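The values are calculated or read from the model by the stated rules, or taken from the named source; none is laboratory data. Just so we're clear, the structure is a prediction, and the values are computed from it rather than from any experiment. Every residue, glycine as well, gets a Cβ built from its backbone with ideal geometry; the counts of neighbours run over all protein chains shown. For the accessible areas, the whole protein counts, side chains as well, though only heavy atoms, and no ligand, DNA or RNA atoms are used. Shrake-Rupley method; radii C 1.70, N 1.55, O 1.52, S 1.80 Å.
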Amino acid sequence: MVENMMEVVDMDGHLSVEDGKITEFTADSSRVADLSADSRSHVLTSTQFLLPGFIDAHVHAPQYPNLGLGVDLPLLTWLRTYIFALERKFADLSYATTVYDKVVDRLIANGTTTASYFGTIHTDACLLLADTVHRKGQRGYVGKVNMTVNCESYYRETVQESLQETERFVEEMKNLCSKK
């Protein structure tokens, strides 16, 4: 018997989930009586329904603290006024941990089961974001941002730094993914 199993039944069908994956979906509601007493089962009421998880294909995770700030500004003005200084803070992994925990928790709480995350120029913080996504059980893609032009000097990489850190990020991600 699978330990991590759940069954959901409503009047129109039956759904089985094992280890977080849907293993069966049928239009057979005949199991309602059998499953309603099972602690691994949930019988939906007439006012409940199942909804698939949302996918967010474009999340700038480090910008979370500035949600809704400066939306009236042109993009480069907004970046220079609010974002570059904020993203600079992600060199501090303690700060990055606090923000990344909050943004991933918020997305999951609102039904986002998969996300494509943009990080910052800080490789270690981007790796931390990937680990946070995995640790919290969300599926995701995480990318390191490369900034060599159109940004403040304090938030700029040289082309060589950008290439080296991107290669390091990819190698570390390969290692992280092989352990999971």
message: To make sure I understand the rule: partners must be lysines, Cα under 16 Å from the Cα of K174, and not fewer than 8 residues away in the same chain. Which ones qualify?
response: K144
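Sort F118, F25 by heavy-atom solvent-accessible area, probe 1.4 angstrom, most to least. The partial results should precede the final answer.
Values: F118 70, F25 155 Å².
Result of the area sort, largest leading: F25, F118.
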query: Which net charge results when you count Lys and Arg as +1 and Asp and Glu as -1 among the other residues whose beta-carbon is under 13 Å from that of S153?
result: +1
- prompt: Leaving out ligands, DNA and RNA but keeping every protein chain, what accessible area does K102 have, in Å² rounded to the nearest 10, with a 1.4 Å probe?
  reply: 110 Å²
- prompt: Among G111, T166, L73, whose Cα lies farthest out toward the positive end of the dipole of the stretch 54-178, if unit charges sit on the beta carbon of Lys, Arg (+1) and Asp, Glu (-1)?
  reply: G111
